[in-house]
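These notes are about the structure you will find just below.
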């Protein structure tokens, strides 16, 4: 068998453009119909930067975290318990010492020779 030469290859005189043109027309029609549908559905809606006729009321901002949460209240109670002197028993024979004082006293005892 012989190899084909340029004289043996036959090319069509016209390129088949029917399918690409049809796809383009269908796509363009779908885009136009979509734009028309959106315009009809949302064309009368207000918004998009229009100014309302009602004047805005200006209020000073509230301080952030103005109301303490339950966790913050609990931490405050624990902190108050750990930083104050109080009696440990009803007979007033033992004292609960604040944590910072207890640490200082323990460090002072360790420093003694």
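The values are calculated or read from the model by the stated rules, or taken from the named source; none is laboratory data. All figures in this text were calculated on a predicted structure; none of them were measured in a lab. All Cβ positions, even for glycine, are placed from backbone atoms using ideal geometry, and neighbour counts span all protein chains on display.
Descriptive notes on the structure:
- First in segment 61-73 and without any contact (Cβ under 8 Å) to a residue 12 or more places away in the chain and on the phi > 0 side of the Ramachandran plot, second anywhere and exposed (fewer than 10 other Cβ atoms within 10 Å of the Cβ) and outside any loop (DSSP other than H, G, I, E, B), Cβ under 6 Å, 6 or more apart: none
- Residue selected from segment 73-86 under the condition assigned to a helix (DSSP H, G or I) and loosely packed, with under 11 Cβ neighbours inside 10 Å, by the criterion nearest to the chain's Cα centre (by Cα): 73
So that you can scan it fast, the table gives a plain yes or no per residue for (1) within 29 Å of the chain's Cα centre (by Cα); (2) modelled with pLDDT of 90 or more; (3) part of a loop (DSSP other than H, G, I, E, B); (4) surrounded by fewer than 10 Cβ atoms within 10 Å (Cβ to Cβ):
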| position | (1), (2), (3), (4) |
| --- | --- |
| 47 | yes, no, yes, yes |
| 50 | yes, no, yes, yes |
| 53 | no, no, yes, yes |
| 58 | yes, no, yes, yes |
| 65 | yes, no, yes, yes |
| 109 | no, no, no, yes |
